[in-house]
Amino acid sequence: MLSREVEVIITCNGQNMSDTVSGCLTGVSYVDPADGESDTLDVTFSDREGKWLNEWFPKKEDILTAEFRVHRLNGPDDPDWTINLGEFVLDNFSFSGDPLEIKLSAVSSPVNRDFKSTKRTKTWENVTLQEIAQDIAGRAGIELQYEADTIKIKAEEQEETEDSTFLKELCDRYNVAMKVFTNRLILFSIKEYRAKGPVAEITRQDVISWNWETDLQGSYTGAKISYTDPYTNKTIEYQTGSDERILEVSENADSQADAELKAKAALEEANRSITKMTITTPGRVDIFASDCITISGFGKIDGKYYVEKHTPTLMNGFTSQYDMTKVEEQEG
């Protein structure tokens, strides 16, 4: 029986490089985080003829795309599966030798480098988080995909801060994830995604290696935030949850509704990483970052987990690594 085969399709500035480099490709690693970081792509090639040092010499900000095409994943009659890794900007490349090898490292940031490099000062008033994100996406020349509730913001200062940093810090205050994928700026509610049903079940027999850890101190039972009312100049406290183990939130708020959103978001953020698990499996095509899966066959650590990061790697075989946090029953 023919075993599974993984074909890597790579383009550079729109030109398909796959046939040209297939014989010298030595490894591909892709990191797909659910939140915060850019997707990254690392590709390594052997270069016995020295072409990468001459006519193929890379240029920073070359545009790369990559996908895995998996043949015979579950048997000879299984249809081909495709994992689209997206579009990337070449950010770094290095040579080593001998024998000569080149490593290309690329990120999913927009081609418009202002998104991460230009510091801006701006006052945002009477806007929503979606409107701020739309303005920033438009400036970066990318599409916005917004999947969260309407979050109203009375006033927010962007002071000598890059758009990417400013928006990420703003999203964090409201438990909204942010990532860039193939010229899309994606914002989504982490709470809503963690509440989704599992897309797959993984048993202990499916796993090559794994590790699991938890914080014995346990979760916070409540959160408290203090803010100054902008109209009365009085200090007001807002608390959510119970008193057993309180998280003190050091954030400003412009109303009780805003304080409630920020306190609940901070509580969810603090509690969601208490129990972590990392597994490595033979390469899979059905589970990605921000998915939920069911873990079984591990005894008392079984349960529902949220994929924080997905790392498929093609190097001496095709594997998938999943960094996950446990979804507790009381969430939601």
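For Arg69, the test of being at pLDDT 80 or above, open to solvent by 40 Å² or more (accessible area, probe 1.4 Å) and closer than 29 Å to Val180 by Cβ is passed.
How about the range 129-155: which of its residues are open to solvent by 30 Å² or more (accessible area, probe 1.4 Å) and either in a strand (DSSP E or B) or among the small types (Gly, Ala, Ser) (or both)?
Applying the first criterion (open to solvent by 30 Å² or more (accessible area, probe 1.4 Å)) to the range 129-155 yields 130-131, 134-135, 138-139, 141, 143, 145-147, 149-150, 152, 154-155.
Listed by number, the residues that qualify are Gly138, Gly141, Glu143, Gln145, Tyr146, Glu147, Lys152, Lys154, Ala155.
Take the conditions (1) part of a loop (DSSP other than H, G, I, E, B); (2) within 18 Å of Lys154 (Cα to Cα); Phe288 misses just one of them, which is (2).
Can you confirm whether Lys179 is assigned to a helix (DSSP H, G or I) and either within 15 Å of the chain's Cα centre (by Cα) or crowded, with 16+ Cβ neighbours inside 10 Å (or both)? No: the conditions fail for Lys179.
Screening Val107 with (1) farther than 21 Å from Phe166 by Cβ; (2) modelled with pLDDT of 85 or more gives one miss only, at (1). Taking the range 38-71 as the range and being part of a loop (DSSP other than H, G, I, E, B) and within 17 Å of Ile9 (Cα to Cα) as the test, only Asp62 passes. Within the range 160-176, restricting attention to residues that are free of Cβ contacts under 8 Å to residues at least 60 places away in the same chain and out of contact with any helix residue (DSSP H, G or I) (no Cβ under 9 Å at 6 or more places or on another chain), the residue that is most open to solvent (accessible area, probe 1.4 Å) is Glu160. Here Val249 qualifies as surrounded by 18 or more Cβ atoms within 10 Å (Cβ to Cβ), touching a helix residue (DSSP H, G or I) at 6+ places or on another chain (Cβ under 9 Å) and without any contact (Cβ under 8 Å) to a residue 40 or more places away in the chain.
Could you tell me whether Asp35 is open to solvent by 30 Å² or more (accessible area, probe 1.4 Å), in a strand (DSSP E or B) and in contact with a strand residue (DSSP E or B) (Cβ under 7 Å, 6 or more places away or on another chain)? Quick ask: steps written out before the conclusion?
Numbers: open to solvent by 30 Å² or more (accessible area, probe 1.4 Å): yes; in a strand (DSSP E or B): no; in contact with a strand residue (DSSP E or B) (Cβ under 7 Å, 6 or more places away or on another chain): yes.
Criteria not met by Asp35.
Please determine, by comparing only the residues of the range 312-332 that are within 15 Å of Ile83 (Cβ to Cβ) and modelled with pLDDT under 95, which one is surrounded by the most Cβ atoms within 10 Å (Cβ to Cβ). The qualifying residue surrounded by the most Cβ atoms within 10 Å (Cβ to Cβ) is Pro312. Filtering the range 199-218 to residues that are farther than 30 Å from Val107 by Cβ and either in contact with a Lys or Arg (Cβ under 6 Å, 6 or more places away or on another chain) or not hydrophobic (A, V, I, L, M, F, W, C) (or both) leaves Glu201, Thr203, Arg204, Gln205, Asp206, Thr214, Asp215, Gln217, Gly218. Of Ile186, Ile236, Ile190, Ile225, which residue is surrounded by fewer than 18 Cβ atoms within 10 Å (Cβ to Cβ) and aliphatic (A, V, I, L, M)? Exactly one residue qualifies, and that residue is Ile236.
The values are calculated or read from the model by the stated rules, or taken from the named source; none is laboratory data. These figures come from a predicted structure and were not determined experimentally. Backbone-built Cβ (ideal geometry, glycine too); neighbour counts: all protein chains shown. In case anyone asks, the SASA skips ligands and DNA or RNA and just uses the protein heavy atoms, side chains included. Shrake-Rupley method; radii C 1.70, N 1.55, O 1.52, S 1.80 Å.
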